[in-house]
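Below is one structure; the comments refer to it alone.
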Amino acid sequence: MPFGLGFTTIVIIIIAFYLLSSIKIITEYERGVIFRLGHLLPHEKGPGVVLVFAPMDRMVRVSLRQEALEVPPQDIITRDNVTLKVNAVIFLRVIDPRKAVVEVSNYVYQTSQFAQTTLRSVLGEQELDELLAHRDKINLRLQTILDTHTAPWGVKVANVEVKQVDMPESMLRAMAKQAEAEREKRSKIIHAEGEYAAAQRLVDASALLATEPVSVQLRYLQTLTEIGVEKNTTVVFPVPVDFFSGLQKIMQKASGDGPTNK
């Protein structure tokens, strides 16, 4: 009888320990994919308390949190034959834990490999100016291609960002010269537009002054007044240009009459 009681107690203790070890706690951001006798159960478990009866059951924990995956720097040759070194970062998350466990052995590694090949192929089709100016468009295209590849695994690529573009020193110097030439071009255009506007205003002013000849004399007197206020010792008297032209005609006429009289 004592032997029987002891054996029953041991069995109860073993069963109790077995039940306690079968209790698994899954956090809110995790799901448990359970294989029972090698067969995948139709639904993942969690969050909360889950019973996993080993060795019949085997549970694989899958995180549902978004992960950041950095793509190593890739050597890229753009469409205009410029050699670059580009790296990127991918933001992904698991939306179907069962597929992420069954359909692929390591979804992070697979996504990284697809990202490297896709980055080289997509950026190789772009020119350097397009890569630098339309980065958002390129990011969206990369995200669409990667999301198409990872959808059968139950993985969603939320975003792709081209992180850094390293260019050769010669290309940096050429771009600096181009930017300097562009700024000089804009400054010359602005200066020419200013000259044109000033000339246009002078034409308008001369047309307005021509309507009233007295206004020209008033303008002369105003200029003399401004010069006198500054207490200058030099006196400037403006003479109309027509005076010199008339004087030149008289001199030419006088010089022309002289040889004729002889």
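The values are calculated or read from the model by the stated rules, or taken from the named source; none is laboratory data. From a predicted model like this one, the values you see are computed outputs, not experimental measurements. Because the Cβ atoms are built from the backbone with ideal geometry, glycine has one as well, and the counts that use them run over all protein chains shown.
Structure above, values below:
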| read-out | value |
| --- | --- |
| Strands (runs of 3 or more DSSP E) enclosed by the range 41-102 - at least 2 residues per element that are of a type in the set (G, A, S), within 40 Å of the chain's Cα centre (by Cα) and farther than 29 Å from L140 by Cβ | none |
| Filter result for T78 (of a type in the set (S, T, N, Q), surrounded by 13 or more Cβ atoms within 10 Å (Cβ to Cβ) and at pLDDT below 90) | yes |
| Checking V108 against (1) under 15 Å from V160 (Cα atoms); (2) among the hydrophobic types (A, V, I, L, M, F, W, C); (3) crowded, with 19+ Cβ neighbours inside 10 Å, the condition it does not meet | (3) |
| Selection within the range 131-175 - within 10 Å of the chain's Cα centre (by Cα) and outside any helix (DSSP H, G or I) | H134, E161, V162, K163 |
| Residue identified as within 30 Å of R135 (Cα to Cα), of a type in the set (A, V, I, L, M, F, W, C) and touching a residue at least 40 places away in the same chain (Cβ under 8 Å) among V71, V60, V33 | V71 |
| Residue tally, condition among the hydroxyl-bearing types (S, T, Y) and either surrounded by 14 or more Cβ atoms within 10 Å (Cβ to Cβ) or not assigned by TED's automatic domain parsing to the domain that holds T148 (or both), over the range 81-105 | 0 |
| Single unsatisfied condition, S105 versus (1) in contact (Cβ under 8 Å) with a residue 12 or more places away in the chain; (2) among the hydroxyl-bearing types (S, T, Y); (3) under 30 Å from R120 (Cβ atoms) | (1) |
| From L140, L146, residue being in the same structural domain as N87 (by TED's automatic domain parsing), closer than 21 Å to V89 by Cα and surrounded by 14 or more Cβ atoms within 10 Å (Cβ to Cβ) | L146 |
| Some residue of the range 161-184 being in contact with a Lys or Arg (Cβ under 6 Å, 6 or more places away or on another chain) and at pLDDT 70 or above | yes |
| Pair list, Cβ < 6 Å and 6+ apart or interchain, from the range 127-138 residues that are more than 13 Å from E161 (Cβ to Cβ) to residues that are among the β-branched types (V, I, T) and in a loop (DSSP other than H, G, I, E, B) | E127/T78; L128/T78; L128/V82 |
| Residues of the range 1-47 satisfying the condition of being closer than 20 Å to D96 by Cα, of a type in the set (G, A, S) and exposed (fewer than 11 other Cβ atoms within 10 Å of the Cβ) | G38 |
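To keep it simple, each residue is scored yes or no on (1) of a type in the set (K, R); (2) in contact (Cβ under 8 Å) with a residue 40 or more places away in the chain; (3) outside the structural domain of S112 (by TED's automatic domain parsing).
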{"site": "V157", "(1), (2), (3)": "no, yes, no"}
{"site": "M175", "(1), (2), (3)": "no, no, yes"}
{"site": "K188", "(1), (2), (3)": "yes, no, yes"}
{"site": "A197", "(1), (2), (3)": "no, no, yes"}
{"site": "R201", "(1), (2), (3)": "yes, no, yes"}
{"site": "D204", "(1), (2), (3)": "no, no, yes"}
{"site": "L209", "(1), (2), (3)": "no, no, yes"}
{"site": "E212", "(1), (2), (3)": "no, no, yes"}
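Let's see how each residue does on (1) surrounded by 13 or more Cβ atoms within 10 Å (Cβ to Cβ); (2) part of a helix (DSSP H, G or I):
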| residue | (1), (2) |
| --- | --- |
| V122 | yes, yes |
| Q126 | yes, no |
| K188 | no, yes |
| E193 | no, yes |
